[in-house]
Amino acid sequence: MLALPTLLLALDFSVLYLALPSISADLGASGVQQLWITDVYGFMVAGFLITMGTLGDRIGRRRLLLVGAALFGVASAIAAFSVNAEMLIVTRALMGIAGATLMPSTLALISTMFRDPGQRSTAISVWVSCFMGGTAIGPVIGGVLLERFWWGSVFLIGVPVMAVLLVAAPFLLPTHRDPGAGRLDLTSVALSLGAILPVVYGVKELASGGVRPVPVVALAAGVILGLVFVNRQRRLAHPLLDLRLFGSRSFGAGVAGMTLNSALMGGISLLIALYLQTVAGLSPLGAGLWLAPASLVIIISAMATPVLARRVRPAYVIVAGLGVAVIGYLLLTQAAAVGGLPVVVAGNILVGLGAGPITALATDLVVGSVRPEQAGSAAAISETGADLGIALGIAVLGSLTTAVYRSAFGDVTVAGVPDRLLEAAGENVEAAATVAGQLPAAPGTALLAAARDAFTTGLNLTAAVSGVVVIGIAVLALTALRHIPPTGHAANEK
């Protein structure tokens, strides 16, 4: 039962990647609007996760799960029938707020239902695998839907899933709350949102448009409000975010590693989905089928991780996996616009294989390093890191690729193509595909070839940057987590 919302949220992330070209064409979404459509959901999830995790500790995690399921189903139905890009962005934001209730509730319930470290590690690996399973089948389901229906159908997937959860959860899931939790501090809620959202906006805008006054001011305002938030949490008897949790090396390193790895996975997944459709020229279903193997190997890797961690220190398992991921990113730096499909698919599979250990073990380390009554808060922080990482990865890596694309495409000239159309095609590779479809065969083909080359150049550079970051994550894991013994040994040192 706890797998249902996890599966759904993964589906929602992955199917949107495939639907983005159709959404862009139908709603006329600009490059900036496309980024907001994809990342506003993750931003709102990240912004509200801490609040919802703490709220679940107070009112009961099952109750919060049911409320969130109802809201998510309604918001999904509205999103499916959006009439313009602005409406879709708003409804995606509402889905994010509702989605913020689901993940910490399910993870906190797992931590209270499975007290034995070995059992908890296996349960969390299954939970992670369900998320990855949704990622694997999402492109296939999304591809089938997009082949037969309009793009809004991908959002309707969530409606029956949430209906099943609403009916079955009261009978199958226990309720759990922290009887000693204080009241919810609304000032802290406002400060947390005021810190996270401006920072996310500032990073996204600076990455996409360079240094400008508005995003710089937003970033500075977010940092200031973040400092005020931290100071307030230190003074409250019942803080929204218990900063003492970060006193554990396992907790802090787990959150940091998970956030960075999620950022890379989120960004590179979007770029590969775009490559398969706009560069390789595959249909949504074809792209979904080529994306599925990478998600499936993450499931295999995550499920095998607890077995390895019983004999080998978790830090070494994580570092070995990240080494495989680095090879995958190196392969992606060699992808070409023509004939690059095998390289991209192989690189994506290796990245997914290497991501399994850190995805499973970091989550277990974070949740397992706190007392049961803190499970909701710990789960919320864990998911905040992961979801904020995905959202920032999409924004930063997507913006980096777009910037490289615009630079590479800036000097392109095609005989017979007016400057205004070249300027439109220079926005992004999806816009170039739309423009090429309006031109005669010869100039259209030349324009599209130039756009594909420019996008692939951006993908290559982004993959190289990602590989360097992965090496940094491996150094962090080896330094901060090597004191933790295998789970088959005595109780872990926290």
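The values are calculated or read from the model by the stated rules, or taken from the named source; none is laboratory data. Predicted, not measured: the structure shown is a model, and the values here were computed from it. Reconstructed Cβ throughout: ideal geometry from the backbone, glycine too, with neighbour counts over all protein chains shown. The accessibility values were calculated without ligands, DNA or RNA, using every heavy atom of the protein model including side chains. Shrake-Rupley method; radii C 1.70, N 1.55, O 1.52, S 1.80 Å.
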*Those residues of the range 271-306 which are hydroxyl-bearing (Ser, Thr, Tyr) and buried (at least 24 other Cβ atoms within 10 Å of the Cβ), in sequence order*: TYR275, SER295, SER301, THR305
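Residue-by-condition table, conditions (1) at pLDDT 70 or above; (2) farther than 26 Å from MET265 by Cβ; (3) not in a helix (DSSP H, G or I):
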position	(1), (2), (3)
ARG63	yes, yes, no
PHE72	yes, no, no
ILE78	yes, yes, no
GLU86	yes, yes, no
ILE89	yes, no, no
ARG115	no, yes, yes
GLY118	no, yes, no
GLY133	no, no, no
_On the basis of being within 24 Å of GLN277 (Cβ to Cβ), touching a residue at least 24 places away in the same chain (Cβ under 8 Å) and buried (at least 21 other Cβ atoms within 10 Å of the Cβ), does LEU422 make the cut?_
no
_Matching residues, the range 138-160, being under 20 Å from the mean Cα position of the chain (by Cα) and part of a helix (DSSP H, G or I)_ = GLY138, PRO139, VAL140, ILE141, GLY142, GLY143, VAL154, GLY158
*Condition met for LEU421 (farther than 17 Å from SER30 by Cβ, part of a helix (DSSP H, G or I) and over 31 Å from the mean Cα position of the chain (by Cα))*: no
*State whether the residues of the range 49-66 include one that is of a type in the set (Asp, Glu) and open to solvent by 10 Å² or more (accessible area, probe 1.4 Å).*
no
*Which of the residues spanning the range 450-459 are open to solvent by less than 40 Å² (accessible area, probe 1.4 Å), of a type outside the set (Phe, Trp, Tyr) and under 29 Å from the mean Cα position of the chain (by Cα)?*
ALA451, ALA454, THR456, GLY458, LEU459
*asked:* Given (1) open to solvent by less than 10 Å² (accessible area, probe 1.4 Å); (2) over 18 Å from LEU166 (Cα atoms), identify the lone condition not met by LEU109.
replied: (2)
*Taking the condition open to solvent by less than 30 Å² (accessible area, probe 1.4 Å) and touching a Leu at 6+ places or on another chain (Cβ under 7 Å), does GLY31 pass?*
no
*Scan of the range 91-102 for residues that are touching a Gly at 6+ places or on another chain (Cβ under 9 Å) and in a helix (DSSP H, G or I), ordered by number*: MET95, GLY96, ILE97, ALA98, GLY99, LEU102
*Only one of VAL74, VAL90 is surrounded by fewer than 18 Cβ atoms within 10 Å (Cβ to Cβ), within 19 Å of the chain's Cα centre (by Cα) and hydrophobic (A, V, I, L, M, F, W, C); which?*
VAL90
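For every residue, the table says whether it meets (1) buried (at least 18 other Cβ atoms within 10 Å of the Cβ); (2) over 20 Å from ILE358 (Cβ atoms).
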| position | (1), (2) |
| --- | --- |
| ALA403 | no, yes |
| SER407 | no, yes |
| VAL417 | yes, yes |
| VAL429 | yes, yes |
| ALA441 | no, yes |
| LEU448 | yes, yes |
| HIS483 | no, no |
*asked:* Looking only at the range 189-222, how many residues end up being modelled with pLDDT of 75 or more and among the basic types (Lys, Arg)?
replied: 1
*Pick from ILE268, ILE327, ILE358: which is farther than 28 Å from LEU146 by Cβ, within 22 Å of the chain's Cα centre (by Cα), buried (at least 24 other Cβ atoms within 10 Å of the Cβ) and not aromatic (Phe, Trp, Tyr)?*
ILE358
*Among the candidates LEU184, LEU165, single out the residue that is assigned to a helix (DSSP H, G or I), modelled with pLDDT of 70 or more and not polar (S, T, N, Q).*
LEU165
*Scan (1) surrounded by fewer than 23 Cβ atoms within 10 Å (Cβ to Cβ); (2) at pLDDT 80 or above; (3) more than 30 Å from TYR316 (Cα to Cα); (4) not aliphatic (A, V, I, L, M) for the single condition ASP411 breaks and write down its number.*
(2)
*In this structure, is GLY254 within 19 Å of the chain's Cα centre (by Cα), open to solvent by less than 30 Å² (accessible area, probe 1.4 Å) and not β-branched (Val, Ile, Thr)?*
yes
_Conditions first: (1) more than 29 Å from LEU260 (Cβ to Cβ); (2) surrounded by fewer than 20 Cβ atoms within 10 Å (Cβ to Cβ); (3) modelled with pLDDT of 85 or more. THR479 passes all but one, so which condition is the exception?_
(1)
